[in-house]
Amino acid sequence: MKKRLIFIILAVASCMPLAAYTSTNIAGQTGLIATPTARINFEGEGSGDVAASVGYNYANNGTGYSTPRVNVALFDRWELGGAYNSANNENDFLLHTKLRFSPWSGKGNSALAVGGTYQNMGTNPSLTAGQFYLAATYTAQFFGMEADTSIVLGKTFGTYVPTGNLDFSMGFDLNLFPSIFNGYVRWLNELSNYDFIYRNAPTAAYYRGAFNTGIRIPILKHMEKMKFDVSFIVTDALDNERGFALNASFGTRF
């Protein structure tokens with residue numbers, strides 16, 4: 001009887017909503033490495049009406065990529081921002097927005113969001129592209145560790161983009177060995193067939209797919225109104241063009 005009771009308690013606990021951690025990706029979206037998720041930065045009860053984050057990413061796969069970015073989250077369900085990407089003597093600009101429509105308020109065990117980007121690549125001649133996507137995120141237990149799993153389906157439009165191509169990515173943000181690291185180490189993984197900005201990124205996902213992985217360290221995890229994260233990333237980890245990236249993000253809510 002006691003064993004049955006313990007099993008029931010554990011089963012119920014594994015189905016309860018978990019406190020997933022949120023941070024911004026290379027493009028400035030709340031997300032993994034290059035992939036957006038259905039989360040909003042600083043989401044959850046008591047998060048306030050406005051939160052702002054700034055960040056910087058440096059990547060190198062033989063070519064250096066420098067990407068400062070900004071994110072503003074409003075009313076616990078909408079975010080917008082942008083990023084500047086400098087590489088290969090080009091100056092690229094990216095604007096993004098995302099609306100989480102489920103759950104409409106608070107934080108649930110799952111989330112759905114729609115989003116989009118506008119990208120202006122400083123090539124000669126200049127290229128523009130736009131992406132629309134639907135993101136789904138679910139928080140569950142993976143061998144006793146909380147994991148935020150996300151799937152993204154979308155479409156990129158623009159110069160030289162094949163009309164029949166669809167965007168797809170999936171990945172997870174795992175709270176790695178919480179009994180040891182106490183939530184201060186998170187393992188990021190994603191597989192994507194699109195880059196955070198079209199044709200000028202440290203991966204070549206747009207024509208063959210790319211796997212990115214890394215560790216995110218939420219240094220100020222214990223603080224309610226401030227975040228400071230650093231990430232150490234391997235880009236395109238399974239291909240000969242693999243490289244590394246260093247990512248930092250600071251944010252506060254009001």
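Observations, loosely collected:
- If the chain linking Met226 and Ser66 were pulled fully straight, counting 0.36 nm for each residue of separation and taking away their Cα-Cα distance, it would gain 55.2 nm.
- Estimated at 0.36 nm per residue, the fully extended path between Val114 and Phe168 surpasses their Cα-Cα distance by 18.1 nm.
- Tyr184-Ala237 FRET efficiency (beta carbon distance; Förster radius 25 Å; 0.05 resolution): 0.65
- Principal-axis analysis of the Cα atoms of the chain puts helix 2-15 at an angle of about 30° to the longest axis.
- Of all the options Asp148, Asp239, Asp229, the one that moves most in a Gaussian network model of the chain with Cα springs shorter than 10 angstrom is Asp239.
- Listed from fewest to most Cβ neighbours within 10 Å, the set Ile233, Ile217, Ile180, Ile40 follows the order Ile180, Ile217, Ile233, Ile40.
- Annotation: the residues Glu224, Glu146, sorted from fewest to most other C-beta atoms within 10 Å of their own C-beta, follow the order Glu224, Glu146.
- Under 17 Å from the Met145 label point (7 Å along Cα→beta-carbon), backbone N, region 168-182: 171-182
- Among 152-160, 167-175, the order from most to least packed when residues are scored by Cβ within 10 Å on average: 167-175, 152-160
- ³J(HN,Hα), Karplus 6.51/-1.76/1.60, whole Hz, each residue of region 144-157, x for Gly, Pro: x, 10, 5, 9, 9, 9, 10, 10, 10, 10, x, 8, 9, 10
- Extension gain, Leu74 back to Leu134 (0.36 nm per residue minus Cα-Cα distance, nm): 19.7 nm
- In order through region 240-254: 3J(HN,Hα) via Karplus (6.51 cos²θ - 1.76 cosθ + 1.60), integer Hz, x for Gly, Pro: 5, 8, 4, x, 9, 9, 10, 10, 9, 9, 10, x, 8, 10, 10
- Counting only Cβ charges, +1 for Lys and Arg and -1 for Asp and Glu, the dipole size of the chain around its Cα centre is about 680 debye.
Values quoted throughout were computed directly from the atomic coordinates according to the rules given, and no laboratory measurement underlies them. The structure displayed is predicted, hence computed values, not measured ones. For neighbour counting, all protein chains shown are included, and Cβ atoms are generated from backbone atoms with ideal geometry for every residue, glycine included.
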